[in-house]
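Here is the structure we will look at, set down as structure tokens.
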Amino acid sequence: MTIALAASQDHIATVFDSADSFVIIDTGTPEKQKIEYLPPGLSAVQMIKVLRELKITVLLCGAISVYSQQMIEAADILVISFLKGELKDVAAAFFANRLDNSAFCLPGCHRGWQRMAMGKGWEGTPSLTERPRGQRRIGKS
């Protein structure tokens, strides 16, 4: 498995589209890392093309649009989004299965939302993918 961290200098890029590089880590040799610098002004579609060419299987990133995330996931790349922190800390948390720690969540992000967005939901609760579109809450406009 090969993971990519959407980076801005030595941190996870706050927004996927603003990443200036991808830090590539092969899980077979996590101590070896490769940096793939991105030319300025790449569109999300062009960034996804780069991910495909690098044979990435997991993307760790900050905020990402639903459209971009769906396009990346359509390319069989798992997206773990709304992360923050230094690259080395986020990578270590990924390998230790600790990304659900609030220290790695962007402000206002709740890991439960992420679980539901990934179709896992909570016990007895439908996932977002099962909820009808256009449904409004009672009393909300």
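Laboratory data are not the source of any read-out in this text; all were calculated from the coordinates shown. Just so you know, these numbers come straight off a predicted model, no measurement behind them. Every residue, glycine as well, gets a Cβ built from its backbone with ideal geometry; the counts of neighbours run over all protein chains shown.
The local environment of Gly41, defined by Cβ-Cβ distances under 12 Å, has a net charge of -2 under the rule Lys, Arg +1 and Asp, Glu -1. Here the range 36-88 was treated as a single set of alpha-carbon atoms; its pair distances binned every 5 Å from 0 give 5, 19, 30, 27, 17, 2 percent.
Electrostatic bookkeeping for Tyr67 treats Lys and Arg as +1 and Asp and Glu as -1; over the other residues with beta carbon under 13 Å from its beta carbon, the sum is -2. Under 18 Å of direct C-alpha separation, and excluding same-chain neighbours fewer than eight residues apart, Lys32 reaches these aspartates and glutamates: Asp10, Glu86, Asp89. Kirkwood hydrodynamic radius computed over the range 2-109 comes to 13.5 Å, based on all pairs of distinct alpha carbons.
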